[in-house]
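Taking it in order: structure first as structure tokens, then the write-up.
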Protein chains: 2
Amino acid sequence: MAPFAKGLVMYDTPEPGRLRAFRTNVPALDLFPTTLWAQVASRRLRRATAASLHGCEAAGYPALRAAVADYLTLSRGVACSEDRVLIVSGVQEALDLALRVLLVPGDRVALEEPGHIGARYLFAAARARIVRVPVDAEGATLDPRRLEGVRLLYVTPAHQFPLGVSMSLPRRVAVLEWARQAGALIFEDDYDSEFRYSGRPLPALQGLGGEDHTLFAGSFSKVLFPALRLGYLVLPQDLVDPFSAALSVTRRHAPVLEQAVLADFIEGGHFARHIRRMRSAYAERLGVLTEAAKRRLRGRLEVSEVEAGLQTVGWLAPGLEAGRVAAAARERGVRLVPISQYGRLRGPRQGVHMGFAAVEPREIRRGIDELAGILAAEA
Amino acid sequence: MAPFAKGLVMYDTPEPGRLRAFRTNVPALDLFPTTLWAQVASRRLRRATAASLHGCEAAGYPALRAAVADYLTLSRGVACSEDRVLIVSGVQEALDLALRVLLVPGDRVALEEPGHIGARYLFAAARARIVRVPVDAEGATLDPRRLEGVRLLYVTPAHQFPLGVSMSLPRRVAVLEWARQAGALIFEDDYDSEFRYSGRPLPALQGLGGEDHTLFAGSFSKVLFPALRLGYLVLPQDLVDPFSAALSVTRRHAPVLEQAVLADFIEGGHFARHIRRMRSAYAERLGVLTEAAKRRLRGRLEVSEVEAGLQTVGWLAPGLEAGRVAAAARERGVRLVPISQYGRLRGPRQGVHMGFAAVEPREIRRGIDELAGILAAEA
């Protein structure tokens, strides 16, 4: 068997029903307007004709490509027209496609540490040599000697996964300058930056003059719902054809009716409205988490200030071990992911990943109460 | 750039509107019950809950896996329970996944010639060494010396692509025996065998005792509609976990709501009814093609008798060149694909691929009329 599937672990099967504190990587599905979505979908389905049952171009359904280009231009500061947008099933497929088209085995690639495990699996599947880039308060660090010969750098500038840092403007400029000089490409994973609670939104790397060196990817899994399996990849112009060709033989194209429904949902203004509603709900939940932690966990766990996203980091007081805390929490129905699961961390303190967006305020408070007992016992 | 996307051509963008004679590889979308599909989908969407917006397991939505297992057991003679069924976007993704999980660069693989070009692209992307297997009247031929060291054999036994031959029972037994002795795997592409017009349906290779050596793949693109992008892969038990793991990092899983709608459509009996209706419509269209060709093209083009599928081969009289005929036909709005585009052909006669299922009877007759003029001029 090829190294591809050896040792790969499957992603969590999502549990149904009410989500426990502090489930990460999922949005608040209980707040999703399912009835509205069903109405938009039914209207589109009723209008379906024989022509709409045919496939579409590999790059995607034209109306959705256009809607995504408009959205990214306005909201994410991405420099794109619809002919640079490829519709995919999500960031994993976007990255997989990129590595398959761009790399040959043995090529050097770089990614953040700690960082997204799914990206590491794909780099391993591509038989790439991986350079790990530490993360500081300004985001992924840049050590030109470490990056020598690197062909592709994977980063999460909007909201570093898992630390939650937003990459600073000087660092963004430096990363782009490095890519230009090295003739390298940047894979910008914009996985959950639609929800911003504070701070000034920075334009995407791609939009800071990096459009010829950046592959910008995002998905609708977290801004709408994970079952949808639709996302996008914005490409430098000369990569659109080879990526479309590769997509056409591996998957042909994304499902057409779902693409059309999503395009209608965006064009009808429902998408923008949903983002606004979720931003305010998530800000409230983040507030509940921060307040409750300050009150009950002071001196033992400090919730990191995040500007965006669905999750944050709980930094443990020196001496507290993330693995032990997470294990004790699990027994009381509280989910915490030790940051060390995403790679090596510098500094004396350990951290745990804590999701707040998908968890109801009452359950957030229960989680903090349980944690207070656990941390008191561990200290 | 990696060899993956170099030289790959994109699949045809399907043209909208009425299909011209003799479009291949598509079903009769004008006969698809879009209203019924919309009703089933709307009912499912109205019942959608937060839980159904979550993702599902990588292997697929449980109710669809079960419905596919039932269907394949009853209708295709496949030996399977739902835990061996993986839901994918189609045969291309199924084969891509198989090659990525099972092969390392340089591995020997075999496929039919002439054969499916999409399979050849994927073998090239996997950096496999390709052995070409000629096709005779009983299907793919078996020359054990040629197949020495081959790890995977790709075949289309139900209805060879593009020649339309059904693999004989003795040949099926011999293929399975070879796989068992060689410790090789068979990839059985069952791409359009739902529609059978004559002859006795043979059980799938997979169901002839080959379930531990056979990967059986099919899709709903031709039996329902291409825009859907859902298909299946039935695996030997020990491959289910590694394939699911690989799928979970490349694509997570297929879209959940579309899977649920399809499961409802099958469970409601609509799927079986649609197949019956299409079988009779396609049999009529095949009859129109055969009759018209006999009447107008006698001695110049002979339509091959096919037992199943959406297309057949028009064999040209010796001396007539398929490329020239197809070029002349294109100018008169008639599509013919020279069989030589799918690989080398043995024998003195050249052939053209002719689709009949998606083309209305009147348009079939027009196509034959045009061809009559072209062949008279060429002869």
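The values are calculated or read from the model by the stated rules, or taken from the named source; none is laboratory data. Keep in mind the model is a prediction, meaning the values are calculated, not measured. Heads up, the Cβs are rebuilt from the backbone with ideal geometry, glycines too, and the neighbour counts pull from every protein chain shown. Keep in mind that these areas ignore ligands, DNA and RNA; they rest on the heavy atoms of the full protein, side chains included. Shrake-Rupley method; radii C 1.70, N 1.55, O 1.52, S 1.80 Å.
Leaving ligands, DNA and RNA out of it, work out the accessible area of B:E284 with a 1.4 Å probe and give it in Å² to the nearest 10.
110 Å²
Tell me the total accessible area that B and A bury against each other, 1.4 angstrom probe, in square angstrom rounded to 100.
Details: alone 17070 and 17060 Å², together 28260 Å².
The B and A chains share an interface burying roughly 5900 Å².
Which distance in nm do the two modelled labels at A:S198 and A:D241 give, with both placed 7 Å along the Cα-to-Cβ direction?
5.0 nm
Using just the C-alpha positions of the stretch B:232-379 as equal point scatterers, what log10 of I(q)/I(0) does the Debye formula give at each q in 0.13 1/Å?
-0.74
Tell me the Rg and the Dmax, in Å, that the Cα atoms of chain A produce.
20.8, 66
For the stretch A:160-311, which whole percent of the accessible surface, found with a 1.4 angstrom probe, sits on carbon and sulfur atoms?
Working: 2410 of 5030 Å².
Its accessible area is 48 percent carbon and sulfur atoms.
Between B:L36 and B:E331, with labels modelled 7 Å along Cα→Cβ, what's the label distance in nm to one decimal, could you check?
Once both label points are built, they end up 4.4 nm from each other.
If the label for B:R273 sits 7 angstrom from Cα along the Cα-to-Cβ line, what are its distances to the same label in every other copy, in nm to one decimal, shortest first?
The answer, with the shortest distance listed first, is 3.6 nm.
Show me, for the stretch A:321-332, the HN-Hα J-couplings you get by feeding each phi into the Karplus relation (A = 6.51, B = -1.76, C = 1.60, θ = phi - 60°), rounded to Hz, glycine and proline as x.
These are the phi-based 3J(HN,Hα) values: 9, 4, x, 5, 5, 5, 5, 5, 5, 4, 5, 9 Hz.
So which residues in the stretch B:19-49 end up with at least 30 square angstrom less accessible surface once the other protein chains are there, compared with the chain by itself, probe 1.4 angstrom?
Residues of the stretch B:19-49 that lose at least 30 Å² of accessible area once the other chains are added: B:L29, B:T34, B:A38, B:S42, B:L45.
Once the label point is placed 7 Å from Cα along Cβ, list for A:T49 the distances to the corresponding points in the other copies, in nm, shortest first.
Going from nearest to farthest copy, the values are 3.9 nm.
Can you bin the stretch A:307-379 into rounded, prolate or oblate? Criterion: square roots of the alpha carbon gyration tensor eigenvalues sorted a ≥ b ≥ c, rounded for a/c under 1.5, prolate for a/b above b/c, oblate for the rest. Present the calculation step by step, with values, prior to reporting the outcome.
On the way: a/c = 1.88, a/b = 1.15, b/c = 1.64.
Oblate, because a/c is 1.5 or more while a/b does not exceed b/c.
What figure in square angstrom, to the nearest 10, would you give for the accessible area of B:C56 with a 1.4 Å probe?
20 Å²
Only Cα pairs under 8 Å and at least 6 apart count here; give the relative contact order of chain B as a rounded whole percent. Don't skip to the end; give the middle numbers.
On the way: 683 pairs, mean separation 92.0, N = 379.
Relative contact order for chain B comes out at 24 percent.
Using only the heavy atoms of the protein chains and a 1.4 Å probe, how would A:E148, A:E307, A:E113, B:E331 rank by accessible area, largest first?
Per-residue accessible area, sorted high to low, gives B:E331, A:E148, A:E307, A:E113.
Only helical DSSP H runs with n ≥ 4 go in: add -39500 (n - 2.57) per run for chain B, normalise by residue count and round the 222 nm mean residue ellipticity to 500 deg cm²/dmol.
Details: 11 runs with 146 residues, N = 379.
Helix contribution divided over all residues of chain B: -12500 deg cm²/dmol.
Kindly state, to the nearest 0.05, the FRET efficiency for B:S75 paired with B:R344, given R0 = 25 Å and r defined as their beta-carbon distance.
Numbers: r = 34 Å, r/R0 = 1.36.
After rounding to 0.05, the efficiency reads 0.15.
Between A:R298 and A:R362, what FRET efficiency follows from the Cβ-Cβ distance if R0 is 22 Å, with the result rounded to 0.05? Spell out each step's value before the answer.
Numbers: r = 21 Å, r/R0 = 0.97.
According to the calculation, E is roughly 0.55.
For A:A308, what residues show an amide H to amide H distance below 5 Å, using hydrogens built from the backbone and excluding near sequence neighbours?
A:Y197
Report relative contact order for the stretch A:266-379 in percent, whole number only (criteria: Cα-Cα under 8 Å, sequence separation at least 6).
32 percent
When Cβ neighbours within 10 Å are restricted to other protein chains, what is their mean count per residue of peptide B:237-249? Working shown, then result.
Values: counts 0, 0, 2, 0, 3, 7, 1, 3, 9, 8, 3, 9, 18.
Per-residue shielding by partner chains comes out at 5.
Can you give me the three principal axis dimensions of the stretch A:214-258 from its C-alpha atoms, in Å, biggest first?
So the three principal-axis extents are 31, 24, 14 Å.
Solvent-accessible area per residue for the stretch A:232-334 at a 1.4 Å probe radius, Å²?
39 Å²
Using only atoms on other chains, find how many Cβ atoms lie within 10 Å of each Cβ of peptide A:85-98 and report the average. Before the final figure, lay out each step's value.
Details: counts 0, 0, 0, 1, 8, 4, 1, 5, 4, 0, 2, 4, 3, 0.
Mean partner shielding for this stretch: 2.
Heads up, I need the accessible area for B:M278: 1.4 angstrom probe, whole protein in place, Å², nearest 10.
It works out to around 0 Å².
With viscosity set to 1.567 mPa s and temperature to 4 °C, compute the Stokes-Einstein D of the protein assembly as shown, Rh being the Kirkwood radius across alpha carbon pairs; µm²/s, no decimals. Don't jump to the answer; show the numbers that get you there.
Details: Rh = 27.5 Å.
Using the Kirkwood radius from Cα pairs, D works out to 47 µm²/s.
Given labels modelled 7 Å from the Cα in the Cβ direction, how far is it in nm from B:A377 to B:A124?
About 3.3 nm separates the two model spin labels.
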